[in-house]
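Beneath this line is the structure, given in structure tokens, with notes to follow.
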Amino acid sequence: MCSMFTCEHGGPCSGKCVDLALLVLRVVAAAIFIFHGYGKLFGAPGIEGVTGFFGSLGVPAAGIAAWVVALLEFAGGIGLLLGILVRPLAALFAIEMATAFFLVSRALPKGDLELALFGISLALALAGGGAFALMRGKSKAMHNGKEMAG
């Protein structure tokens with residue numbers, strides 16, 4: 001079993017510990033994205049509100065952009081939660097959060113959520129979904145000279 005800094009083999013945290021960490025990142029990010037996507041699609045502010053907001057920021061094709069962002073957050077958040085297409089979805093979320101940070105927040109602490117979600121998304125885009133994802137990548141990682149599934 002994993003402790004805070006070492007795994008069952010006594011070495012640095014890897015293997016199951018990393019897979020658990022990736023699961024936590026996926027679940028937390030997915031919950032936030034699904035919640036915000038749901039509001040854009042079915043609640044407040046709704047697509048009309050998002051379209052108006054994007055228009056006020058000067059986003060081109062604000063109506064289309066609102067639908068793309070809302071669907072990415074809701075459906076993509078579900079994919080992230082389940083571990084389906086984690087790397088491409090996380091890359092899209094990283095792009096979305098970087099854009100949101102620079103278009104809307106522009107500074108900390110106002111943009112702390114966007115910055116945190118950017119970091120989580122970038123980490124997932126680089127690492128993948130881990131062993132607890134429904135679609136696992138074919139990448140292999142090395143630990144103590146031994147190959148292990150990633």
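The values are calculated or read from the model by the stated rules, or taken from the named source; none is laboratory data. Keep in mind that this is a model prediction, so the values were computed, not measured. All Cβ positions, even for glycine, are placed from backbone atoms using ideal geometry, and neighbour counts span all protein chains on display.
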Unique match (being surrounded by 16 or more Cβ atoms within 10 Å (Cβ to Cβ) and more than 23 Å from Leu25 (Cβ to Cβ)) among Val59, Val68: Val59
Ser121, sole failed condition from (1) more than 30 Å from Gly15 (Cα to Cα); (2) crowded, with 18+ Cβ neighbours inside 10 Å: (1)
Matching residues, the stretch 109-130, being part of a loop (DSSP other than H, G, I, E, B) and either in contact with a Pro (Cβ under 7 Å, 6 or more places away or on another chain) or modelled with pLDDT of 95 or more (or both): Gly128, Gly129, Gly130
Qualifying residues in the stretch 71-108 (those that are assigned to a helix (DSSP H, G or I) and of a type in the set (D, E, K, R)) - the one farthest from Leu25 (Cα to Cα): Glu96
